[in-house]
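Undergrad: Could you have a look at this structure, given as structure tokens, before my questions?
The values are calculated or read from the model by the stated rules, or taken from the named source; none is laboratory data. Small disclaimer: the values here were computed from a predicted structure and weren't measured. Every residue, glycine among them, receives a Cβ derived from its backbone with ideal geometry; neighbour counts consider all protein chains shown.
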4 protein chains.
Amino acid sequence: MYQPAGVKTSPDLPIPNQMKAWVLDDPDHLSLREKPVPVPTRAEVLVRIDAVAICATDLEIIHTGSPASIQGGLPFNKNFTPGHEYMGTVAALGPDVDEFTIGERISVEIHAGCGQCKRCRQGMYTSCLNYGKPEKGHRANGFTTDGGFAEYAVNHINTLARVPDTMSDAEATLVVTAGTSMYGLTELGGLVAGESVVVIGPGPIGLLAVAVAKALGASPVILTGTRNKRLAIGQELGADRVININDEDPVEVVKQLTGIGADYVVECAGSETTINQAIHMTNRGGKICLAAFPHDPVTMDLAHLVKNNIYAYGIRGEGRSATRRAMALMAEKRFDATKIHTHTFPLGDLPTALRYARERVDDAIKVVVTNRQASSIANVAAE
Amino acid sequence: MYQPAGVKTSPDLPIPNQMKAWVLDDPDHLSLREKPVPVPTRAEVLVRIDAVAICATDLEIIHTGSPASIQGGLPFNKNFTPGHEYMGTVAALGPDVDEFTIGERISVEIHAGCGQCKRCRQGMYTSCLNYGKPEKGHRANGFTTDGGFAEYAVNHINTLARVPDTMSDAEATLVVTAGTSMYGLTELGGLVAGESVVVIGPGPIGLLAVAVAKALGASPVILTGTRNKRLAIGQELGADRVININDEDPVEVVKQLTGIGADYVVECAGSETTINQAIHMTNRGGKICLAAFPHDPVTMDLAHLVKNNIYAYGIRGEGRSATRRAMALMAEKRFDATKIHTHTFPLGDLPTALRYARERVDDAIKVVVTNRQASSIANVAAE
Amino acid sequence: MYQPAGVKTSPDLPIPNQMKAWVLDDPDHLSLREKPVPVPTRAEVLVRIDAVAICATDLEIIHTGSPASIQGGLPFNKNFTPGHEYMGTVAALGPDVDEFTIGERISVEIHAGCGQCKRCRQGMYTSCLNYGKPEKGHRANGFTTDGGFAEYAVNHINTLARVPDTMSDAEATLVVTAGTSMYGLTELGGLVAGESVVVIGPGPIGLLAVAVAKALGASPVILTGTRNKRLAIGQELGADRVININDEDPVEVVKQLTGIGADYVVECAGSETTINQAIHMTNRGGKICLAAFPHDPVTMDLAHLVKNNIYAYGIRGEGRSATRRAMALMAEKRFDATKIHTHTFPLGDLPTALRYARERVDDAIKVVVTNRQASSIANVAAE
Amino acid sequence: MYQPAGVKTSPDLPIPNQMKAWVLDDPDHLSLREKPVPVPTRAEVLVRIDAVAICATDLEIIHTGSPASIQGGLPFNKNFTPGHEYMGTVAALGPDVDEFTIGERISVEIHAGCGQCKRCRQGMYTSCLNYGKPEKGHRANGFTTDGGFAEYAVNHINTLARVPDTMSDAEATLVVTAGTSMYGLTELGGLVAGESVVVIGPGPIGLLAVAVAKALGASPVILTGTRNKRLAIGQELGADRVININDEDPVEVVKQLTGIGADYVVECAGSETTINQAIHMTNRGGKICLAAFPHDPVTMDLAHLVKNNIYAYGIRGEGRSATRRAMALMAEKRFDATKIHTHTFPLGDLPTALRYARERVDDAIKVVVTNRQASSIANVAAE
């Protein structure tokens, strides 16, 4: 039985010594392997993973290893386990941890800063200058340290948010995405009630940005995109107006609707076209959150941005405890994040789940993997 | 004699009814004309202009009319007087003005917001949504309302900063530029003591950005550029290190000097190359102030900016009362702005002065025009 | 007919030259008089007042003249009209006003800063340094300039918020109070989702602070007070827990509920006891908004505040456009402000209405006065 | 020899296993004892203490144990070593520490937050919610963990600032005080150039607040106090005007000098009288930093504070990396902190040094203790 020195466990939640975990072999190739269950140290807990959602960044890491490689280069053939949008149950406590108790359901955010660099010390833990250096205390599970496509993971207590009893496992996995959207609005100033917000791109982050902006009182909330099905979901989540940019000029429509242009734009599409639309639809002194980006250089109308005193914020992930704020809104049922959850597979079928997400099979938006089937496998394996 | 109803004047400072003013006829063509001395209304004063510096934006307005056209289109052949970096003497007070007294020496900043739009109400008067609408109360002298290449101008009291007796007229004209540099650092957070600041581009704003950053305790302050003479002036103004980008890779050098990259970058060169250098030399979570820009679209490594949580601020002019803060530092002799003042001409020789500025004749940086000779012309004319 | 030069009126909304207005004679004595309908100037409109709520500050001004006397001393026997929580219809436009159209329903906020002092220039218009000086452009209707217990008033366009068709006149008067609550939370940082908020004192501002905090996602929201009926209304408005401080120790209960003490406390009771409770229930690094105060000096445990890095913000009224943000939430029906509206009287019965408010007759919380009956009086008078 | 596992040492800087350290026996009684040299863990270094200044808080801790007792109650007879304003030499590195090298001279700040609580995660490490819990990672050397009246101490790397070669040991100890002053100005907004700053109380923090405010461009900087000798030092450090409150009414003088009252007040005297003076001399919308406090409750004119929208910040110590910013100014010789350094004693004479500081013998302001003599004692003892 799993009982590392200094770690607190509970007989109610017995933990095997070995677990099943998907590991990244070659690009686009994952194998289900046995790994030792990891051990939490100071300020860390062991999480039994109950559900995990698939993010576009997972697909990218599995394919190219970027945008954040684990130490020593690309993550291939290093026994690395991806997956970062998970939730689960606190299964064991590291030394002196009393902030959580065994058995509590929690969701996660990705970044645990080192706590000792200039940025962490400023509270900017997603900009940790020791990114990718676990020996300095940094963790970004599923990016630079082992992630959630497994039965267990170690998490820093800073990355945990409690899941209320009324929230399903699948819904709880969506808090990571909602937290990113919330962070974008936070960086834009956070006081969005009565302000106009345009969200560009009805992917998961964009759709939940609509929901969060609306929940915080933004008005109007405008969503632009190219797929009417997605835009319709945006309307269900609170968009006052949707714009299919194949049918209408979004810059013109936003100017008409707002008179002066948008106060805030959350750019989640990441194409050259939409980035320039963002610049042109933002009003003088307004702000743009860049939550997506193309990998290639972008040709932008920077003159318009500077001449109009527009602020542009690049965001990465979900800083400033935005995940907990997003959880607070979801716990109060201020919006129904499950509208973006389209498919569910058992952890053992991860390759199928990834394919649905990658190829948008059956109009997939968020594909969630649950751990029940894998758990039974693991239990068998552990006997 | 000039004595409009409701306006307070003083016998010590008699004002003619007519003044000499340069007006913009066709592109690149100015004429010295007679105009009525303008009349201040509520919260405004009449300024007798004693000296005015030439800014690159003046040259641009005189040439193309942009970046900010006066109401109703381009400013050509509309009796428009350009010039915005001036100082002078309070000559008359609008109704109920008691914030200043006649005879006080003052320098100006450009923007007087309307005071009634969303942005002005937030204190963001340089982002006034009524830009270019004087009937709403907005003024940007030398941009959208008559400016400083004249004997008199009307200024909103918000745009004035007192000039200490120990400061020369010429030095006082440089406060507008220093205010822009100060505003850039303000938008970057303002707490630059002990932080690394890179200034790109040793033009007037860049050179004074070096001086202001150093005065506020930034360390190291690094200046990049292509002309060694200019870089040498930057060193005199406080740069700890200068980089001639023709000789060294500025991104590499900044990374070596700072270890992690620059905390703040003030981009004053406005070329595609330097903007991308700014992005690549800024550290994770760092900030870039875009104080210049090319008119054509720029191809940028936006992915690097977003992945590194870098913030980019476009600034226009000198908001948040930065001009007064810059004046406070200059009044205390914290840096010698006159190091960028290279040439002086009488107002009557404005065309020569503009040529020196445009063609950088004799390594001209800041060319200042003084009003003494023009004053005597005006006095003759007014007889 | 009312048709001042430069003012735009509409035949659809004819305006008499004279109006009925309550004026403050001696302390606690108001008379209904005829006054000329006032004239809007630049950036101002004439508002036809349709409803006005009574605030405790009205009672104070009517009784003692404080806290903000009109120019030249106390407001008694100066033809001064109090009343500041009103809504109505745009009836005429000052010169060049195109931000609103005649016939639009609007609610107001109190403060129109001068737009030219240091604080206004920072966007802090409720801290206007020209407070009480209308010649500088400052207005605080019902405090330093004529207010809402009348048929018409002049308002700066900055003070207006549009009222949606779905909102009743009475509800719209409550936006002023909700705006104050919103401002308190704004000054506390505004990012209250998932944070603990304690509101002390279930008066109108406190009750709506509960509603606004809950709407923004605060959790838990705790309300303390002494009257169970009021606390019960707080529960209806979203309080997760109410504490009758006669029955329970609020400091102990807040610590139990939050573990570490409250993140934010909005103090709306203004007694020495409750202010010290606020200090002791706030966690290390937490913040207190002081929205009320006793007139006499208060003996406070300042040592506890300093040792625990607690921030205290005094607020006055409803700055940073909080009224518009409150309106945005109310327009979306995020909370039902009308739960605090208990009584309605016609404007002609203002003395009765004031008595209900002052003596809390019949458990009165918010007493609203409507202008229909007075309007007909006025119409008669104007014939 | 000292060579703990995982710790990096250098033969150039040999470390004994035992050291001399003053420990607090009964109230006001210290003994020089032998203790094991402590061992740094992750993100920590061992510091050889070269000099340490005496702070009023040291005297208080030695006398009463407050304001921050070590775990388990008062610090008496627990082998506790006080002293927190020290500087020294990096003598050994904890595991994986590469941010510093052995032999570097460093000064310290007091607080190392746990890095895992809500406040640390916001960057507010001086408000750490795990204050006094070293097992959670919190350290406040000289308060809750062993401090600087010893030959060696362990410090978290976050608490270190490099000392330039040009700075003496004694001057470097003053950085802790300057950092507190800098933090006070930081909390007040930090953009003090051209703003009026009043400092109340010419103790060490007050005097260096004058110096820092002036260095950052504040104007005017006004200092109030009761002792002319101290006020004269304030003038040398940059005060534009000093006010002996026994001779002049500081509220009146500040209003005369500023016209509108002070923009910022740093209250370092902590008496009821001066706190009320602070409230009454601050302008509408201005800010007060409470850097001192009386232990007994204070009777304050809170009504004036609230009615004037004044903000009050309690500060504890030196957060937001202010110590490093203060060091940057001192490294650039922007002010001469040594003007407050009056006396020096060897560590072995700590009791004498404490008496000078406590009784202000010979007008003592800052008394510094150096470690050279104690070192030789220790070397003897270690043989």
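Undergrad: Answer yes if at least one residue in region C:52-66 is crowded, with 20+ Cβ neighbours inside 10 Å, in a loop (DSSP other than H, G, I, E, B), at pLDDT 95 or above and of a type in the set (V, I, T), and no otherwise.
TA: First, the residues of region C:52-66 that are crowded, with 20+ Cβ neighbours inside 10 Å: C:52-55, C:58, C:61-62.
With in a loop (DSSP other than H, G, I, E, B) added as a condition, the list becomes C:54-55.
Narrowing the set further to residues that are at pLDDT 95 or above leaves C:54-55.
Subset that is of a type in the set (V, I, T): C:54.
Yes, that holds for at least one residue.
Undergrad: What is the number of the single condition among (1) among the hydrophobic types (A, V, I, L, M, F, W, C); (2) closer than 26 Å to A:L329 by Cα; (3) within 14 Å of chain D (Cβ to nearest Cβ); (4) in contact with a strand residue (DSSP E or B) (Cβ under 9 Å, 6 or more places away or on another chain) that C:L191 does not meet?
TA: That leaves (4) as the condition not met.
Undergrad: For region D:186-196, check the following and say yes or no: at least one residue is β-branched (V, I, T), outside any helix (DSSP H, G or I) and surrounded by fewer than 22 Cβ atoms within 10 Å (Cβ to Cβ).
TA: Narrowing region D:186-196 to residues β-branched (V, I, T): D:186, D:192.
Cutting the leftovers down to outside any helix (DSSP H, G or I) gives us D:192.
Next, only the ones that are surrounded by fewer than 22 Cβ atoms within 10 Å (Cβ to Cβ) stay: none.
Among the residues of region D:186-196, not one is β-branched (V, I, T), outside any helix (DSSP H, G or I) and surrounded by fewer than 22 Cβ atoms within 10 Å (Cβ to Cβ), which makes the answer no.
Undergrad: Looking for whichever is farther than 30 Å from B:Y311 by Cβ, among the aliphatic types (A, V, I, L, M), in the same structural domain as A:E359 (by TED's automatic domain parsing) and out of contact with any Gly (no Cβ under 9 Å at 6 or more places or on another chain) here; the options are A:V52, A:V45, A:V39, A:V97. Which one fits?
TA: Numbers: A:V52 fails: out of contact with any Gly (no Cβ under 9 Å at 6 or more places or on another chain); A:V45 fails: out of contact with any Gly (no Cβ under 9 Å at 6 or more places or on another chain); A:V39 fails: out of contact with any Gly (no Cβ under 9 Å at 6 or more places or on another chain).
Going through A:V52, A:V45, A:V39, A:V97 in turn, just one is farther than 30 Å from B:Y311 by Cβ, among the aliphatic types (A, V, I, L, M), in the same structural domain as A:E359 (by TED's automatic domain parsing) and out of contact with any Gly (no Cβ under 9 Å at 6 or more places or on another chain): A:V97.
Undergrad: Run B:E60 past the list (1) among the acidic types (D, E); (2) under 20 Å from the mean Cα position of the chain (by Cα); (3) farther than 20 Å from B:R139 by Cα and report the number of the one that doesn't hold.
TA: Going through (1) among the acidic types (D, E); (2) under 20 Å from the mean Cα position of the chain (by Cα); (3) farther than 20 Å from B:R139 by Cα one by one, B:E60 breaks only (3).
Undergrad: State all residues of region B:32-49 that are assigned to a strand (DSSP E or B) and either surrounded by 24 or more Cβ atoms within 10 Å (Cβ to Cβ) or without any contact (Cβ under 8 Å) to a residue 12 or more places away in the chain (or both); if no residue qualifies, say none.
TA: The first filter runs over region B:32-49 and keeps only residues assigned to a strand (DSSP E or B), leaving B:32-36, B:44-49.
Hits for region B:32-49 are B:E44, B:V45, B:L46, B:V47, B:I49.
Undergrad: Also: Output the residues belonging to region C:295-306 that are out of contact with any His (no Cβ under 6 Å at 6 or more places or on another chain) and within 7 Å of chain D (Cβ to nearest Cβ).
TA: Of all residues in region C:295-306, those out of contact with any His (no Cβ under 6 Å at 6 or more places or on another chain) come to C:295-302, C:304-306.
Of everything in region C:295-306, those that are out of contact with any His (no Cβ under 6 Å at 6 or more places or on another chain) and within 7 Å of chain D (Cβ to nearest Cβ) turn out to be C:H295, C:P297, C:V298, C:T299, C:M300, C:D301, C:L302, C:L305, C:V306.
One line per residue, one yes/no per condition, for (1) on the phi > 0 side of the Ramachandran plot; (2) of a type in the set (D, E):
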| residue | (1), (2) |
| --- | --- |
| A:M281 | no, no |
| A:A291 | no, no |
| A:T299 | no, no |
| A:E332 | no, yes |
| A:H343 | no, no |
| A:R360 | yes, no |
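Undergrad: Something else now. Only residues that are among the hydrophobic types (A, V, I, L, M, F, W, C) and assigned to a helix (DSSP H, G or I): list them for region B:269-280, please. Even if it seems obvious, please write down each step before you answer.
TA: Restricting attention to region B:269-280, the residues satisfying the condition of being among the hydrophobic types (A, V, I, L, M, F, W, C) are B:269, B:275, B:278-279.
Selection gives B:I275, B:A278, B:I279.
Undergrad: Pick from C:N309, C:N283: which is within 13 Å of chain D (Cβ to nearest Cβ) and not in a loop (DSSP other than H, G, I, E, B)?
TA: On the way: C:N309 fails: not in a loop (DSSP other than H, G, I, E, B).
Of the residues listed, the single one that is within 13 Å of chain D (Cβ to nearest Cβ) and not in a loop (DSSP other than H, G, I, E, B) is C:N283.
Undergrad: A further question on this structure: Looking at region C:90-108, which of its residues are touching a helix residue (DSSP H, G or I) at 6+ places or on another chain (Cβ under 7 Å) and within 11 Å of another protein chain (Cβ to nearest Cβ)?
TA: C:D96, C:V97, C:E99
Undergrad: Would you check if A:G184 is modelled with pLDDT of 95 or more and away from chain C (no Cβ under 14 Å)? Full working, then the answer.
TA: Details: modelled with pLDDT of 95 or more: yes; away from chain C (no Cβ under 14 Å): no.
When the stated conditions are applied, A:G184 does not pass them.
Undergrad: If we keep just the residues of region D:217-245 that are in contact (Cβ under 8 Å) with a residue 60 or more places away in the chain and part of a loop (DSSP other than H, G, I, E, B), which is farthest from D:I340 (Cα to Cα)? Don't jump to the end; show me each part of the working.
TA: Of the residues in region D:217-245, the ones in contact (Cβ under 8 Å) with a residue 60 or more places away in the chain are D:229-230, D:233, D:236-238.
When the remaining residues are screened for being part of a loop (DSSP other than H, G, I, E, B), the result is D:237-238.
Working: D:L237: 9, D:G238: 13 Å.
The qualifying residue farthest from D:I340 (Cα to Cα) is D:G238.
Undergrad: Here is a check on your reading of the model: is B:E135 more than 11 Å from every other protein chain (Cβ to nearest Cβ) and under 24 Å from B:G94 (Cα atoms)?
TA: Numbers: more than 11 Å from every other protein chain (Cβ to nearest Cβ): no; under 24 Å from B:G94 (Cα atoms): yes.
Judged against the criteria, B:E135 is not a match.
Undergrad: Could you check region C:3-31 and list, in sequence order, the residues that are closer than 25 Å to C:V163 by Cβ and either aliphatic (A, V, I, L, M) or part of a strand (DSSP E or B) (or both)? Don't jump to the end; show me each part of the working.
TA: Pass one, region C:3-31, residues closer than 25 Å to C:V163 by Cβ: C:7-16, C:19-22.
Correct list: C:V7, C:K8, C:L13, C:I15, C:M19, C:K20, C:A21, C:W22.
Undergrad: Could we say that A:G203 is touching a strand residue (DSSP E or B) at 6+ places or on another chain (Cβ under 7 Å) and touching a residue at least 24 places away in the same chain (Cβ under 8 Å) here? Show your work before the answer.
TA: Working: touching a strand residue (DSSP E or B) at 6+ places or on another chain (Cβ under 7 Å): no; touching a residue at least 24 places away in the same chain (Cβ under 8 Å): yes.
No; evaluated as a whole, the condition is false for this residue.
Undergrad: For region C:146-181, name all the residues that are over 18 Å from the mean Cα position of the chain (by Cα) and within 14 Å of chain A (Cβ to nearest Cβ). Give the derivation first.
TA: From region C:146-181, those over 18 Å from the mean Cα position of the chain (by Cα) are C:151-152, C:164-166; that's our starting set.
Those that are over 18 Å from the mean Cα position of the chain (by Cα) and within 14 Å of chain A (Cβ to nearest Cβ): C:P164, C:T166.
Undergrad: Only one of (1) under 30 Å from D:P346 (Cβ atoms); (2) crowded, with 24+ Cβ neighbours inside 10 Å; (3) of a type outside the set (S, T, Y) fails for D:E104. Which number is that?
TA: It fails just one condition, (2).
Undergrad: Checking D:K214 against (1) surrounded by fewer than 24 Cβ atoms within 10 Å (Cβ to Cβ); (2) in contact with a helix residue (DSSP H, G or I) (Cβ under 9 Å, 6 or more places away or on another chain), which single condition isn't satisfied?
TA: Among (1) surrounded by fewer than 24 Cβ atoms within 10 Å (Cβ to Cβ); (2) in contact with a helix residue (DSSP H, G or I) (Cβ under 9 Å, 6 or more places away or on another chain), the lone unmet condition for D:K214 is (2).
Undergrad: Determine which member of the set D:R241, D:R227 is away from chain B (no Cβ under 14 Å), of a type in the set (K, R) and more than 24 Å from D:I260 (Cα to Cα). Write out each step before concluding.
TA: Details: D:R241 fails: more than 24 Å from D:I260 (Cα to Cα).
The match here is D:R227.
Undergrad: Take the residues of region C:312-333 that are farther than 9 Å from C:G179 by Cβ and of a type in the set (K, R): which is farthest from the other protein chains (Cβ to nearest Cβ)?
TA: For region C:312-333, the residue satisfying everything is C:K333.
Undergrad: Just to be sure I understand, how many residues within region C:248-268 are touching a residue at least 40 places away in the same chain (Cβ under 8 Å), part of a helix (DSSP H, G or I) and within 14 Å of another protein chain (Cβ to nearest Cβ)?
TA: Looking only at that region, the number is 1.
Undergrad: Cβ-Cβ below 9 Å, separation at least six or inter-chain, first residue in region D:14-31 and in the same structural domain as D:V90 (by TED's automatic domain parsing) and without any contact (Cβ under 8 Å) to a residue 40 or more places away in the chain, second acidic (D, E) and in a loop (DSSP other than H, G, I, E, B): which pairs?
TA: From region D:14-31, the pairs are D:S31/D:D25.
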